[in-house]
Amino acid sequence: MPPFERHVFVCLNSRPADAPRPSCTSDGKSELHTRLQQLSREAGLGAKVRINKSGCLDQCEHGPTVVVYPDAVWYGHVQPEDAEEIVREHLVGGRPVERLRLADECVNTKSCRHKAGTYGLREPGNERSEERFRNEAQRVFEGGGCGVGGEPGAWRGSRARSYFLHLDR
C-alpha cells in the first residue's frame, strides 16, 4: 500500500473546567474527527488521507484545532460543520480553507496574543487579568481574532459566540 499523501490531526484534548487553558473538547470525543473521517471516505480518500486523533497540539486558545501535514496548514476554531469544506477544498482540491487558517504568528510561538503570558489566559481572581480576558474575547467576537476569518466581522455568528463563551468560563 502506498504511503498516505496527507495526515490530518484533530486535537481531542480535554481539561477540567477550571484549567487555566481551554480545551479542544469537553469530553475527549470529537464529532469533528468523526465527520472528517466520514467525508474523506465518501470522497474516495481512504487510501490517500489519514484522519488521526491527536492529543494536545498546544494551540489551546485556538481550539478546536486541526493540522494537515505535509502541508503544515493549521486550522483553528474548527466546528463539525466546517469538515465538508476542509475535505472538499483542501483534501480533495488542494486549496487550504483560508477562513479557518491560523495566522503564522499564532502557531508554535509564545508571541501570539492568545497564549500564556499575553492576553490569552485568564488568572481567576485577578481582576485585571479577568478584564483583559473579557476584552480580548470581545475583540475576537467583534473582529475576527488571531487571523481567522480574514476580515473584520467575518467571525460573527455561532462560531464567535461559541468562542466568546468558551473564553469567558
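Every read-out reported here was derived from the displayed coordinates using simple, explicitly stated rules and does not represent laboratory data. Keep in mind the model is a prediction, meaning the values are calculated, not measured. Please note: Cβ atoms are built from the backbone with ideal geometry, for glycine as well, and neighbour counts cover all protein chains shown.
Remarks
- Here the dipole of the range 31-70 is about 260 debye; that uses its Cα centre as origin and unit charges on the Cβ of Lys and Arg (positive) and Asp and Glu (negative).
- Distance between the pseudo-spin-label points of residue 103 and residue 42 (7 Å out from Cα toward the beta carbon): 3.4 nm.
- Ratio Rg/Rh, restricted to the range 6-102 and using Cα atoms, in which Rh is the Kirkwood radius: 0.96
- Scalar couplings 3J(HN,Hα) for the range 29-39, obtained by applying the Karplus form with A = 6.51, B = -1.76, C = 1.60 to θ = phi - 60°, are 10, 8, 5, 4, 4, 4, 5, 4, 4, 4, 5 Hz; x denotes Gly and Pro.
- The modelled label-to-label distance for the pair residue 71/residue 95, using points 7 Å beyond Cα in the direction of Cβ, is 1.1 nm.
- Listed peptides 37-48, 71-82, 16-27 by packing density, highest first (mean Cβ within 10 Å): 71-82, 37-48, 16-27
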